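Peer 1: Before anything else, here's the structure in question.
The values are calculated or read from the model by the stated rules, or taken from the named source; none is laboratory data. Computed from a predicted structure; not experimentally measured. Reconstructed Cβ throughout: ideal geometry from the backbone, glycine too, with neighbour counts over all protein chains shown.
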Amino acid sequence: MIDYTHRQAGHCESGTTSNLFKHYGMDISEPMAFGIGNGLYFTYIPFLKVQYAPMISFRNIPNTIFKRGTRRMGADAVVIKKFKDPKESMDALDRNLEKGIPTGMQVGVFNLPFFPPEYRMHYNMHNLVVYGKEGDTYYVSDTVLEKPQTISYSDLQRVRWVKGAFAPHGKMYWINQVDKDVDLKKAVTDGIAKTVYEMTKIPIPLLGTKGMRFMAKDLRKWPKKHGKEKASFYLGQILRMAEEVGTGGAGFRYIYGAFLKEAGERFSNPTLLEASEMMGKVANQWREFSYIAARNCKARSEPVEDYGMLADMLTEISFKEEEIYKKLDKIKI
């Protein structure tokens with residue numbers, strides 16, 4: 001059993017990354033891990049279907065936060081992307097635990113036995129840390145939940161080897177050593193620059209703020225193009241990704257705003273503090289968007305709260321976010 005402190009968090013991967021840093025004596029908050037590791041992202045791929053609806057993601061690909069965060073923070077870290085077979089991955093985990101290394105991993109949530117039924121879905125990008133083993137029982141820190149959990153050998157192997165989109169293939173990651181003399185200002189600056197690039201400068205219309213506007217155009221057409229029932233199903237997909245899966249729309253903006261605030265206070269930078277306040281207001285708009293979209297899905301909305309209104313709201317949000325990223329693009333910390 002490793003002396004590992006479980007802490008709840010707003011998002012699984014940024015919470016896991018923060019907790020692993022803290023285990024090695026470096027007090028990196030979840031917002032700092034999220035911002036430095038580029039947790040903020042947006043993708044809309046209408047021709048790729050996930051659970052029979054367009055693929056929408058508010059997060060970067062799995063392990064981006066951990067990999068970029070540890071690299072920018074100068075930590076000696078390891079990510080094993082995939083193993084040949086389940087036994088090999090479980091043996092590797094056991095060897096880490098014997099060495100006293102708390103180990104993060106990517107899993108599917110549908111078969112997690114300690115997850116409440118309402119949380120379970122076919123989502124394979126969840127993150128947790130295993131920090132002990134007794135017989136065939138493993139001790140787990142899952143930042144979604146208030147307290148540590150346990151899981152059997154067979155169940156842990158099952159969720160590590162679930163199939164489907166973003167199948168984890170036994171993926172696991174950990175920190176060997178941290179650099180306590182790291183240049184935090186450079187790590188923050190590099191993290192902000194990369195997020196600005198990914199949200200505004202990639203010349204692909206399906207990514208970042210351009211992707212939000214692309215989705216808004218499609219959203220406006222859904223009722224006439226697909227019919228009321230299918231349009232509502234697609235709208236529900238946006239809600240799942242924005243509010244339930246991986247923290248999503250408003251939640252990520254609140255975390256990123258907290259990152260900007262913490263960095264602004266640490267480096268006495270008023271521009272970062274201003275950007276933080278702006279991000280908080282955008283997060284509130286995302287929450288309002290989700291509220292009206294949910295009313296629409298449940299047929300409780302007013303006539304004015306139609307798909308056109310939701311498309312207008314999403315377009316406005318995209319431009320408000322773009323304004324923040326342009327401000328951050330010019331910043332000198």
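Peer 1: Identify the single condition in (1) closer than 21 Å to Gly39 by Cα; (2) assigned to a helix (DSSP H, G or I) that Ile331 does not satisfy, given that it satisfies every other one.
Peer 2: If we test Ile331 against (1) closer than 21 Å to Gly39 by Cα; (2) assigned to a helix (DSSP H, G or I), just (2) comes out false.
Peer 1: Could I ask something else about it? Looking at Thr70, is it of a type outside the set (A, V, I, L, M) and more than 14 Å from the chain's Cα centre (by Cα)?
Peer 2: Yes, satisfied.
Peer 1: Filter the stretch 122-139 for residues that are under 21 Å from Ala9 (Cα atoms), within 19 Å of the chain's Cα centre (by Cα) and not aromatic (Phe, Trp, Tyr) and give the result.
Peer 2: Selection gives Asn124, Met125, His126, Asn127, Leu128, Val129.
Peer 1: Moving on to the next point. Sort through Phe259, Phe267 and tell me the only one that's buried (at least 21 other Cβ atoms within 10 Å of the Cβ), more than 20 Å from Gly211 (Cβ to Cβ), modelled with pLDDT of 95 or more and not acidic (Asp, Glu).
Peer 2: Exactly one residue qualifies, and that residue is Phe259.
Peer 1: Continuing with the same structure: Tell me which residues, restricted to the stretch 168-197, are buried (at least 16 other Cβ atoms within 10 Å of the Cβ) and either in contact with a Cys (Cβ under 9 Å, 6 or more places away or on another chain) or not in a helix (DSSP H, G or I) (or both).
Peer 2: Pro168, His169, Gly170, Lys171, Met172, Tyr173, Trp174, Ile175, Val178
Peer 1: Could you tell me which residue of the stretch 140-157 is surrounded by the most Cβ atoms within 10 Å (Cβ to Cβ), considering only residues that are within 16 Å of Phe115 (Cβ to Cβ) and of a type in the set (Ser, Thr, Tyr)?
Peer 2: Ser141
Peer 1: Given Ala293, Ala258, which one is among the aliphatic types (A, V, I, L, M) and either assigned to a loop (DSSP other than H, G, I, E, B) or farther than 30 Å from Lys185 by Cα (or both)?
Peer 2: Ala293
Peer 1: Determine the pairs where a residue that is closer than 15 Å to Gly37 by Cα and of a type in the set (D, E, K, R), located within the stretch 172-185, has a partner that is at pLDDT 90 or above and part of a loop (DSSP other than H, G, I, E, B) with Cβ atoms under 7 Å apart, the partner being 6 or more residues away or on another chain.
Peer 2: Lys185/Phe267
Peer 1: Right, something else. What pairs can you find where one residue is in the stretch 107-123 and more than 12 Å from Gln157 (Cα to Cα) and in contact (Cβ under 8 Å) with a residue 40 or more places away in the chain, the other is of a type in the set (A, V, I, L, M) and surrounded by 15 or more Cβ atoms within 10 Å (Cβ to Cβ), and their Cβ atoms are less than 6 Å apart, with a gap of 6+ or different chains?
Peer 2: Partner pairs satisfying both residue conditions: Tyr123/Val109; Tyr123/Val245.
Peer 1: Which of the numbered conditions does Asn124 fail, given that it passes all the others? Conditions: (1) in a strand (DSSP E or B); (2) surrounded by 17 or more Cβ atoms within 10 Å (Cβ to Cβ).
Peer 2: With respect to (1) in a strand (DSSP E or B); (2) surrounded by 17 or more Cβ atoms within 10 Å (Cβ to Cβ), Asn124 is out only on (1).
Peer 1: If you don't mind, another one. Do you know which residues across the stretch 296-321 are touching a Lys or Arg at 6+ places or on another chain (Cβ under 9 Å), in a helix (DSSP H, G or I) and either among the acidic types (Asp, Glu) or at pLDDT below 90 (or both)?
Peer 2: Asp312, Glu321
Yes or no, residue by residue, for (1) surrounded by fewer than 17 Cβ atoms within 10 Å (Cβ to Cβ); (2) at pLDDT below 95; (3) under 22 Å from Phe110 (Cβ atoms):
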position	(1), (2), (3)
Gly39	no, yes, no
Phe58	no, yes, yes
Asn63	no, yes, yes
Asp76	yes, no, no
Lys84	yes, yes, no
